[in-house]
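The values are calculated or read from the model by the stated rules, or taken from the named source; none is laboratory data. Keep in mind that what you see is a predicted model, and the values were worked out from it rather than measured. Cβ sites come from the backbone with ideal geometry, for glycine too, and all protein chains shown count toward neighbours.
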């Protein structure tokens with residue numbers, strides 16, 4: 001316990017230290033995230049209220065459908081949180097920080113480190129789950145139980161705590177069993193992970209939206225119960241069923257089963273991790289150590305290329321499995337979302353305005369994924385020069401060239417998104433008749449976002465944190481870039497809405513957007529030139 | 001397990017990474033109360049040998065004992081009696097030097113008052129002045145080295161294992177460092193270090209081992225009139 005508390009104390013010091021410099025900008029960053037969290041919560045509450053209110057008019061059938069939706073939400077969150085926990089734990093094992101290296105040389109029990117990591121993950125994971133699941137559950141309570149009682153809150157918190165425990169323990173066990181296999185697999189490992197993600201997404205969607213579900217709308221009352229009870233999520237052996245039951249019905253045998261399951265998982269997870277952490281660390285360290293010996297890469301062709309800067313930056317991403325894997329992960333997430341959306345949309349065909357709104361919604365999500373991808377891969381490109389700027393900035397190269405090579409690489413990196421952004425409209429519901437405007441607008445927006453992020457990444461690059469793209473993209477400049485990108489997405493989405501809803505001239509709107517883009521890029525280019533000339537080595 | 005009169009006892013220790021033999025059948029002993037300096041060119045296997053001794057890597061073959069404790073079976077015991085200073089002592093950048101020392105004391109299970117007293121004692125070792133209250137992120141390599149060295153000493157270890165002890169230190173601190181090591185062995189401690197700085201080894205070590213291509217190619221006691229430079233050149237050619 002002493003070890004765990006000491007390490008948690010060190011974490012609180014890290015937070016304090018983070019706020020010690022550039023406090024105002026960091027408070028703004030935090031505020032930005034709080035606003036985003038509030039926005040997500042409010043959106044979830046708003047839509048859940050409307051949806052559950054409509055369902056409540058169908059009495060018992062409506063309530064059962066609402067319960068089903070809560071179960072589906074819990075299952076999806078469990079799956080996403082499990083994926084996130086797994087990635088975090090594997091990263092912790094494969095890329096141990098210097099702090100972990102240091103801990104390994106001290107006479108402390110492995111369980112202390114395991115407990116510390118568990119507690120830390122618990123605090124980190126609980127907030128996103130509360131933000132997303134909270135409003136849905138509260139809305140259910142308001143509509144179906146006449147208000148949010150203290151007991152309901154306790155049941156909800158119980159379910160969320162259990163969910164986090166299940167996610168962290170299972171994530172830990174799987175990570176400790178798989179980390180050794182994942183080490184050194186690099187790009188192939190990232191592909192296998194993405195494939196697994198897609199297959200499991202498909203299975204999950206089949207479980208949540210089986211074919212029988214479409215029959216529910218037309219079923220007689222007797223058939224309804226038979227069909228409902230035959231749905232995969234009505235299986236009371238599922239732990240997510242237990243959690244749903246606790247939230248919607250009360251503390252009973254399922255709460256007891258949940259406690260037993262969580263205790264069992266904590267016990268197994270602690271035992272596996274405590275036993276494996278040191279040998280696993282040693283084994284992984286050895287592989288990392290061996291990998292640090294000189295090895296031959298396939299010929300990069302620096303001697304023959306006319307764009308050595310571009311090639312260098314491309315290799316910096318390609319030879320960094322974490323960046324490559326993150327890019328694939330985001331693309332897989334985007335595919336998951338669109339698959340999910342295509343399945344949901346077939347059940348209740350909306351009216352014309354609803355169809356256009358759903359297209360715009362999908363369009364915005366596509367650009368959101370592109371922004372997240374760019375923030376991680378393109379925006380930090382200049383900051384990544386942190387440790388090598390003594391070299392690159394003292395070469396007889398014009399600094400404009402340095403910026404332009406990164407901007408150009410950004411444009412190359414979004415090619416998969418552009419292709420995806422065209423193909424997706426062929427499978428999305430209601431979008432087939434608008435394929436041309438949607439493809440043009442998505443291609444335009446993706447390229448504009450890539451250019452903007454490439455330039456803004458070079459304005460005030462965070463050289464000191466260059467090794468950590470996450471920190472770079474959550475710096476003050478990162479948040480400003482996020483806001484500007486959001487503004488561009490909103491503008492393009494508004495223009496698209498005008499074309500689809502009001503039938504406004506596409507040529508006219510594209511002319512306006514192109515003029516806007518030229519002004520933005522020209523301004524950014526000039527400003528970037530100014531700031532780049534003031535970089536210090 | 002009774003404590004051995006040999007502080008470090010390495011027998012036929014090897015470490016291979018695939019076809020690369022980083023450490024090859026190394027055998028050496030260091031008696032209690034001595035400073036043993038391992039010298040050798042880059043890539044000779046010094047750091048690998050040290051990492052094997054502190055449990056960061058597992059040996060491929062062979063065995064080693066520190067004060068009678070086996071590195072294969074009793075690593076937890078070994079961690080209690082050693083202080084390890086790596087070649088790049090970076091950890092917990094967001095803590096101040098003093099907080100880092102407190103954390104180390106806590107993790108090593110020292111009572112709060114002992115930690116406080118030890119920090120007060122250790123503070124006087126190097127002229128760190130206000131540096132200890134500043135974030136380690138802003139430390140020079142030398143200051144980082146000094147604080148990490150103090151953290152090694154906080155729990156009064158019996159054996160110090162040090163990789164490149166004086167890289168980045170100013171001349172004054174090198175002298176303090178060397179004298180502290182001498183003082184440490186005078187009180188019964190043992191030091192096992194790897195270094196590139198021949199003059200440091202010559203001045204402060206009792207014994208020296210020359211490592212080349214994973215093997216110990218020569219060992220000898222330091223004599224006041226010996227020239228390590230000539231010997232080193234001869235053995236590593």
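Is region A:78-95 home to any residue that is more than 14 Å from every other protein chain (Cβ to nearest Cβ), under 17 Å from the mean Cα position of the chain (by Cα) and within 30 Å of residue A:57 (Cα to Cα)? Yes, the conditions are met somewhere in region A:78-95.
Check region A:3-25 and report whether any residue there is surrounded by fewer than 17 Cβ atoms within 10 Å (Cβ to Cβ), out of contact with any strand residue (DSSP E or B) (no Cβ under 8 Å at 6 or more places or on another chain) and within 23 Å of residue A:262 (Cβ to Cβ). The answer is yes, given that some residue of region A:3-25 is surrounded by fewer than 17 Cβ atoms within 10 Å (Cβ to Cβ), out of contact with any strand residue (DSSP E or B) (no Cβ under 8 Å at 6 or more places or on another chain) and within 23 Å of residue A:262 (Cβ to Cβ).
Before we move on, is residue B:160 free of Cβ contacts under 8 Å to residues at least 24 places away in the same chain, crowded, with 21+ Cβ neighbours inside 10 Å and either at the interface with another protein chain (Cβ under 9 Å from one of its Cβ atoms) or not in a helix (DSSP H, G or I) (or both)? Taking the combined requirement at face value, the residue does not satisfy it. Filtering region A:90-106 to residues that are assigned to a loop (DSSP other than H, G, I, E, B), buried (at least 17 other Cβ atoms within 10 Å of the Cβ) and free of Cβ contacts under 8 Å to residues at least 12 places away in the same chain leaves A:105, A:106. Would you call residue A:117 within 14 Å of chain B (Cβ to nearest Cβ) and either assigned to a helix (DSSP H, G or I) or without any contact (Cβ under 8 Å) to a residue 24 or more places away in the chain (or both)? So residue A:117 fails the test. The set of residues in region B:83-105 that are surrounded by 20 or more Cβ atoms within 10 Å (Cβ to Cβ) and within 8 Å of chain A (Cβ to nearest Cβ) comprises B:84, B:86, B:91, B:92, B:95, B:103, B:104.
Say whether the condition of being farther than 26 Å from residue A:34 by Cβ and more than 14 Å from every other protein chain (Cβ to nearest Cβ) is met by at least one residue in region A:123-143. Checking region A:123-143: at least one residue is farther than 26 Å from residue A:34 by Cβ and more than 14 Å from every other protein chain (Cβ to nearest Cβ).
Quick check on region A:387-417: of everything there that is surrounded by fewer than 19 Cβ atoms within 10 Å (Cβ to Cβ) and within 23 Å of the chain's Cα centre (by Cα), which residue is nearest to residue A:312 (Cα to Cα)? It comes out as A:412. Pairs linking a residue in region A:519-531 that is over 14 Å from residue A:458 (Cα atoms) to a residue that is in a helix (DSSP H, G or I), with Cβ atoms under 7 Å and 6 or more positions apart or on different chains, are A:520/A:452. Among the residues of region A:491-511, just one is touching a residue at least 12 places away in the same chain (Cβ under 8 Å), within 17 Å of residue A:362 (Cβ to Cβ) and surrounded by fewer than 16 Cβ atoms within 10 Å (Cβ to Cβ), namely A:501. Being more than 14 Å from chain B (Cβ to nearest Cβ), free of Cβ contacts under 8 Å to residues at least 60 places away in the same chain and either under 22 Å from the mean Cα position of the chain (by Cα) or surrounded by 13 or more Cβ atoms within 10 Å (Cβ to Cβ) (or both): is that true of residue A:34 here? Yes. Just one of the listed residues (B:18, B:33, B:40) is touching a helix residue (DSSP H, G or I) at 6+ places or on another chain (Cβ under 7 Å) and farther than 21 Å from residue B:162 by Cβ, namely B:18. Taking residue A:238, is it away from chain B (no Cβ under 14 Å), out of contact with any helix residue (DSSP H, G or I) (no Cβ under 7 Å at 6 or more places or on another chain) and surrounded by 12 or more Cβ atoms within 10 Å (Cβ to Cβ)? So residue A:238 fits the description; yes. Just to be sure before I move on: is residue B:15 buried (at least 24 other Cβ atoms within 10 Å of the Cβ), facing chain A (nearest Cβ under 10 Å) and either farther than 30 Å from residue B:139 by Cβ or free of Cβ contacts under 8 Å to residues at least 40 places away in the same chain (or both) in the structure I sent? So residue B:15 passes the test.
Show the residue pairs meeting these rules: Cβ distance below 9 Å; 6+ apart or different chains; first residue within region B:49-78 and facing chain A (nearest Cβ under 8 Å) and surrounded by fewer than 22 Cβ atoms within 10 Å (Cβ to Cβ); second residue in a loop (DSSP other than H, G, I, E, B) and at pLDDT 95 or above. The qualifying pairs do not exist here.
Which residue, of A:42, A:51, A:47, is assigned to a helix (DSSP H, G or I), in contact with a helix residue (DSSP H, G or I) (Cβ under 8 Å, 6 or more places away or on another chain), away from chain B (no Cβ under 14 Å) and closer than 30 Å to residue A:236 by Cα? Among A:42, A:51, A:47, only A:51 is assigned to a helix (DSSP H, G or I), in contact with a helix residue (DSSP H, G or I) (Cβ under 8 Å, 6 or more places away or on another chain), away from chain B (no Cβ under 14 Å) and closer than 30 Å to residue A:236 by Cα.
The residues on offer are B:38, B:6, and the sole one that is more than 14 Å from every other protein chain (Cβ to nearest Cβ), crowded, with 22+ Cβ neighbours inside 10 Å and touching a strand residue (DSSP E or B) at 6+ places or on another chain (Cβ under 8 Å) is B:38.
The residue pairs whose first member lies in region B:99-112 and is touching a residue at least 40 places away in the same chain (Cβ under 8 Å), whose second member is part of a helix (DSSP H, G or I) and surrounded by 23 or more Cβ atoms within 10 Å (Cβ to Cβ), and whose beta carbons are closer than 7 Å, counting only pairs six or more residues apart or on different chains, are B:100/B:136; B:100/B:147; B:100/B:151; B:101/B:150; B:101/B:151; B:104/B:151. Being within 14 Å of another protein chain (Cβ to nearest Cβ), out of contact with any helix residue (DSSP H, G or I) (no Cβ under 9 Å at 6 or more places or on another chain) and in a helix (DSSP H, G or I), is that true of even one residue in region A:1-12? For region A:1-12, residues within 14 Å of another protein chain (Cβ to nearest Cβ), out of contact with any helix residue (DSSP H, G or I) (no Cβ under 9 Å at 6 or more places or on another chain) and in a helix (DSSP H, G or I): present. Filtering region B:106-143 to residues that are in a helix (DSSP H, G or I), within 11 Å of chain A (Cβ to nearest Cβ) and within 20 Å of the chain's Cα centre (by Cα) leaves only B:107. Residue A:175 is checked against (1) within 30 Å of residue A:53 (Cβ to Cβ); (2) crowded, with 17+ Cβ neighbours inside 10 Å and fails just one. What number does that condition carry? For residue A:175, the failing item is (1).
Residue by residue, here is whether (1) under 19 Å from residue A:87 (Cα atoms); (2) part of a helix (DSSP H, G or I); (3) at pLDDT 75 or above holds:
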{"residue": "A:167", "(1), (2), (3)": "yes, yes, yes"}
{"residue": "A:170", "(1), (2), (3)": "yes, yes, yes"}
{"residue": "A:174", "(1), (2), (3)": "yes, yes, yes"}
{"residue": "A:190", "(1), (2), (3)": "yes, yes, no"}
{"residue": "A:199", "(1), (2), (3)": "yes, yes, yes"}
{"residue": "A:206", "(1), (2), (3)": "no, yes, yes"}
{"residue": "A:224", "(1), (2), (3)": "no, yes, yes"}
{"residue": "A:229", "(1), (2), (3)": "no, yes, yes"}
{"residue": "A:242", "(1), (2), (3)": "no, yes, yes"}
